[in-house]
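Notes follow the structure.
The values are calculated or read from the model by the stated rules, or taken from the named source; none is laboratory data. Computed from a prediction, not measured in an experiment: that's the story for all the values here. Quick reminder, even Gly has a Cβ in these numbers, built from the backbone with ideal geometry, and neighbours come from all protein chains shown. All accessible areas refer to the heavy atoms of the entire protein, side chains included, with ligands and DNA or RNA removed. Shrake-Rupley method; radii C 1.70, N 1.55, O 1.52, S 1.80 Å.
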Amino acid sequence: NAGVMQNPRHLVRRRGQEARLRCSPMKGHSHVYWYRQLPEEGLKFMVYLQKENIIDESGMPKERFSAEFPKEGPSILRIQQVVRGDSAAYFCASSPPGADTQYFGPGTRLTVL
Amino acid sequence: GENVGLHLPTLSVQEGDNSIINCAYSNSASDYFIWYKQESGKGPQFIIDIRSNMDKRQGQRVTVLLNKTVKHLSLQIAATQPGDSAVYFCAENHDYKLSFGAGTTVTVRA
């Protein structure tokens, strides 16, 4: 069984550009979560989505960040006008309906020059 | 991250010995706890979980202990192997959001 897929694995952007991070959950999982990890730190919750719905975005910065999980296709985390402070590893996790356990993807490492 | 923390940032252990990694939490409303292992450049890998109605759970070479009285969680790894070298995070699940501590880096000496 394929696990959670994320792409790209590495992404380099210049300040002011846009970054798009993709996440395909495990088969049968309809719940997606995004987390951000700064160097030497634990993961921080950003947003929780179900198909076509944002359930909780309390961890998302108020500006420049958005997330979606369309009916078809992967979940997308979009960062507009990136700044150096956005450099981090972004992890996606998924879980099936009614389950607590979240399974993580390999992450996307974003570097802003 | 504010509610979950680990006692020690690093742990060095001899190959074959047992490892114990500790974690303290402060949110008494949390009812589900998970240990993850993260190797360099990879995503967190699920190791074992425990619910608040239990105080002990065993897996393959790993045991998680939960002490709700003092809000303490521990992960025991039996017969530690070189492949166990990684950063270990405890996480608490409250309202589907995971809160992670900063992690303990485990280094296995040959």
Could you please find all residues in the stretch B:84-102 being touching a strand residue (DSSP E or B) at 6+ places or on another chain (Cβ under 6 Å), within 14 Å of chain A (Cβ to nearest Cβ) and either in a strand (DSSP E or B) or at pLDDT 90 or above (or both)?
B:ALA86, B:VAL87, B:TYR88, B:PHE89, B:CYS90, B:ALA91, B:GLU92, B:ASN93, B:LYS97, B:LEU98, B:SER99, B:PHE100
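Kindly state which strands (runs of 3 or more DSSP E) lie completely within the stretch B:1-83 and contain at least 2 residues that are in contact (Cβ under 8 Å) with a residue 24 or more places away in the chain. Spell out the reasoning first.
Details: elements: B:4-6, B:10-14, B:19-25, B:32-38, B:45-51, B:56-58, B:62-67, B:72-77.
Qualifying strands (runs of 3 or more DSSP E): B:4-6, B:10-14, B:19-25, B:32-38, B:45-51, B:62-67, B:72-77.
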Counting only residues that are open to solvent by 40 Å² or more (accessible area, probe 1.4 Å), over 15 Å from the mean Cα position of the chain (by Cα) and not hydrophobic (A, V, I, L, M, F, W, C), which one in the stretch B:24-40 is modelled with the lowest pLDDT?
B:SER26
Exactly one of A:SER66, A:SER30, A:SER94 is within 14 Å of chain B (Cβ to nearest Cβ) and open to solvent by 30 Å² or more (accessible area, probe 1.4 Å), and that residue is A:SER30
Taking the options A:PRO96, A:PRO8, name whichever one is in contact (Cβ under 8 Å) with a residue 24 or more places away in the chain and either in contact with a Lys or Arg (Cβ under 7 Å, 6 or more places away or on another chain) or closer than 21 Å to B:PHE33 by Cα (or both).
A:PRO96
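Quick one: is B:VAL87 in contact with a Ser or Thr (Cβ under 9 Å, 6 or more places away or on another chain) and within 22 Å of A:GLY59 (Cβ to Cβ)?
Numbers: in contact with a Ser or Thr (Cβ under 9 Å, 6 or more places away or on another chain): yes; within 22 Å of A:GLY59 (Cβ to Cβ): yes.
Yes, satisfied.
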Is there a residue being touching a residue at least 12 places away in the same chain (Cβ under 8 Å), on the phi > 0 side of the Ramachandran plot and surrounded by 16 or more Cβ atoms within 10 Å (Cβ to Cβ) anywhere in the stretch A:75-83?
no
Apart from one, (1) touching a residue at least 12 places away in the same chain (Cβ under 8 Å); (2) surrounded by fewer than 14 Cβ atoms within 10 Å (Cβ to Cβ); (3) at positive phi all hold for A:ASN53; the odd one out is (3)
Those residues of the stretch B:1-23 which are at pLDDT 90 or above and of a type in the set (Gly, Ala, Ser) amount to B:SER12, B:GLY16, B:SER19
